[in-house]
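S.K.: The following block contains the structure, expressed as structure tokens.
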């Protein structure tokens, strides 16, 4: 089927963020008052309000979700060679925070229903060398983590809960980001709330809080010679300007979550009768889908490839994005011989090969959703 470029149609990006008026007011105050770096009232305010929203005691605002993971991992003071369980199907940051510290990443495969790390495999991969698990919530549903948390507590294994894609999501009515010894978030432009770039670490542990706060600020010393360092940290600070945006965004979190689920339901109503794809349900027994992105997983027996579909959608001025590339298939990790070639993670490979997501940012209109959904159906049915 040949589809001609609809040159007159508006380009629909995979994500358009929603900026409210309060963010503009806050940023103007920063500029007028001159507090534009990491000093200023909005950083502390954002840490406090975001912590409170997620039912945590302490918050540490940082420069990105990746920075949040790296700081969290280092704060645990683990030894080289200690094992950290992570999903193969994830963004590369999940593995980088482990590798950079000389720790050993242990991969688990995905659950095809939720696309998250397989909880049963996590339990099976635990050994005496396991010191931490990065519970990584992917796309729409949280990891079914009840048993992971129970076993981790019994074996004194630390939990870093990566909730970058789950702002506002719940697991059995409790906020994602409230389960980990340390929980991390991202405020990149495609997240539910954004600061452009940015991240946050949440914890209830005062010692971990103090350690993380020091690590994000080059480990400057307090009360003595600040330039005589006793540990290696980073400049991973969030600016007051970014935090000002975050404070404004957080005020609208309930509207944001409602709209994301409206977007998901609208796509489902268009696509749920298409027998060539798998789309996630609206809800499971422990959670309602938050639709960080609206994912499409092709069935294997159809006569068109994922890349062909993406190309044809682009011919209609519709941008899409591939699913994550598995860690065990990353070129750099293969070059490093980080994972054995004998290891198979078939579900992660399937998701990576057959999965992509549609435009679903907060700036998308219902008219655009209908156009995207119906265009995809047209491509699949021809």
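The values are calculated or read from the model by the stated rules, or taken from the named source; none is laboratory data. Here the structure is a predicted model, which means the values were calculated and not measured. Virtual Cβ from ideal backbone geometry, glycine too; neighbours counted across all protein chains shown.
S.K.: Can you name the condition, by its number, that residue 34 falls short on among (1) closer than 20 Å to residue 193 by Cβ; (2) free of Cβ contacts under 8 Å to residues at least 40 places away in the same chain?
M.R.: So residue 34 meets the others, but not (1).
S.K.: Another question about this same structure. Is there a residue being in a strand (DSSP E or B), within 20 Å of the chain's Cα centre (by Cα) and in the same structural domain as residue 192 (by TED's automatic domain parsing) anywhere in region 137-148? Break it down stepwise before answering.
M.R.: Within region 137-148, the first condition is being in a strand (DSSP E or B), and the residues that meet it are 138, 141.
If we keep only those that are within 20 Å of the chain's Cα centre (by Cα) as well, we get 138, 141.
If we keep only those that are in the same structural domain as residue 192 (by TED's automatic domain parsing) as well, we get 138, 141.
Checking region 137-148: at least one residue is in a strand (DSSP E or B), within 20 Å of the chain's Cα centre (by Cα) and in the same structural domain as residue 192 (by TED's automatic domain parsing).
S.K.: Which numbered condition trips up residue 273, out of (1) part of a loop (DSSP other than H, G, I, E, B); (2) within 22 Å of the chain's Cα centre (by Cα); (3) free of Cβ contacts under 8 Å to residues at least 40 places away in the same chain?
M.R.: (2)
S.K.: Moving on to the next point. Condition test on residue 246, is it at pLDDT 95 or above and either in the same structural domain as residue 165 (by TED's automatic domain parsing) or part of a loop (DSSP other than H, G, I, E, B) (or both)?
M.R.: On the way: at pLDDT 95 or above: yes; either in the same structural domain as residue 165 (by TED's automatic domain parsing) or part of a loop (DSSP other than H, G, I, E, B) (or both): yes.
Answer is yes for this residue.
S.K.: How many residues, within region 222-243, are in a helix (DSSP H, G or I) and either under 24 Å from residue 298 (Cβ atoms) or at pLDDT below 95 (or both)? Full working, then the answer.
M.R.: Keep residues of region 222-243 that are in a helix (DSSP H, G or I), which gives 240-243.
Keeping just the survivors that are either under 24 Å from residue 298 (Cβ atoms) or at pLDDT below 95 (or both) gives none.
Number satisfying all stated conditions: 0.
S.K.: In the set 211, 299, 288, which member is surrounded by fewer than 13 Cβ atoms within 10 Å (Cβ to Cβ), at pLDDT 95 or above and within 26 Å of the chain's Cα centre (by Cα)? Spell out how you get there, then give the answer.
M.R.: On the way: 211 fails: surrounded by fewer than 13 Cβ atoms within 10 Å (Cβ to Cβ); 288 fails: surrounded by fewer than 13 Cβ atoms within 10 Å (Cβ to Cβ).
Among 211, 299, 288, only 299 is surrounded by fewer than 13 Cβ atoms within 10 Å (Cβ to Cβ), at pLDDT 95 or above and within 26 Å of the chain's Cα centre (by Cα).
S.K.: Considering only residues that are over 25 Å from residue 19 (Cα atoms) and either buried (at least 24 other Cβ atoms within 10 Å of the Cβ) or under 12 Å from the mean Cα position of the chain (by Cα) (or both), which ones fall in region 178-198? Reasoning before the result, please.
M.R.: First, pick out the residues of region 178-198 that are over 25 Å from residue 19 (Cα atoms): 178-183.
180, 182, 183 - these are the residues of region 178-198 that are over 25 Å from residue 19 (Cα atoms) and either buried (at least 24 other Cβ atoms within 10 Å of the Cβ) or under 12 Å from the mean Cα position of the chain (by Cα) (or both).
S.K.: Please list, ordered by residue number, the helices (runs of 4 or more DSSP H) wholly in region 50-125 having 2 or more residues that are free of Cβ contacts under 8 Å to residues at least 40 places away in the same chain. If you could, list the steps in order and put the result at the bottom.
M.R.: Working: elements: 65-75, 93-99, 119-125.
Answer list for region 50-125: 93-99, 119-125.
S.K.: Quick check on my filter: what residues within region 319-356 are in contact with a strand residue (DSSP E or B) (Cβ under 7 Å, 6 or more places away or on another chain) and either part of a helix (DSSP H, G or I) or surrounded by 19 or more Cβ atoms within 10 Å (Cβ to Cβ) (or both)?
M.R.: Residues satisfying the conditions are 320, 323, 327, 328, 339, 345, 347, 348, 351, 354, 355, 356.
S.K.: When only residues in region 164-177 that are assigned to a loop (DSSP other than H, G, I, E, B) and more than 15 Å from the chain's Cα centre (by Cα) count, which is farthest from residue 152 (Cα to Cα)?
M.R.: Of all residues in region 164-177, those assigned to a loop (DSSP other than H, G, I, E, B) come to 164-169, 172-173, 176-177.
Going one step further and asking which of them are more than 15 Å from the chain's Cα centre (by Cα), we end up with 172-173.
On the way: 172: 19, 173: 21 Å.
Only one residue tops the list, namely 173.
S.K.: Regarding residue 364, is this residue in a strand (DSSP E or B), modelled with pLDDT of 95 or more and outside the structural domain of residue 142 (by TED's automatic domain parsing)?
M.R.: Details: in a strand (DSSP E or B): no; modelled with pLDDT of 95 or more: yes; outside the structural domain of residue 142 (by TED's automatic domain parsing): yes.
Judged against the criteria, residue 364 is not a match.
S.K.: Residue by residue through region 302-318, note down the ones that are without any contact (Cβ under 8 Å) to a residue 60 or more places away in the chain and surrounded by 12 or more Cβ atoms within 10 Å (Cβ to Cβ).
M.R.: Filtering region 302-318 for residues without any contact (Cβ under 8 Å) to a residue 60 or more places away in the chain gives 303, 305-308, 310-311, 314.
Those that are without any contact (Cβ under 8 Å) to a residue 60 or more places away in the chain and surrounded by 12 or more Cβ atoms within 10 Å (Cβ to Cβ): 305, 306, 308, 310, 311, 314.
S.K.: What's the total number of residues in region 126-136 that are crowded, with 23+ Cβ neighbours inside 10 Å and in a loop (DSSP other than H, G, I, E, B)?
M.R.: Filtering region 126-136 down to residues crowded, with 23+ Cβ neighbours inside 10 Å leaves 132-136.
Next, only the ones that are in a loop (DSSP other than H, G, I, E, B) stay: none.
Within region 126-136, residues that are crowded, with 23+ Cβ neighbours inside 10 Å and in a loop (DSSP other than H, G, I, E, B) number 0.
S.K.: With respect to the numbered conditions (1) under 26 Å from the mean Cα position of the chain (by Cα); (2) surrounded by fewer than 20 Cβ atoms within 10 Å (Cβ to Cβ); (3) modelled with pLDDT of 95 or more, which one is the sole condition not fulfilled by residue 378?
M.R.: Failed condition: (1).
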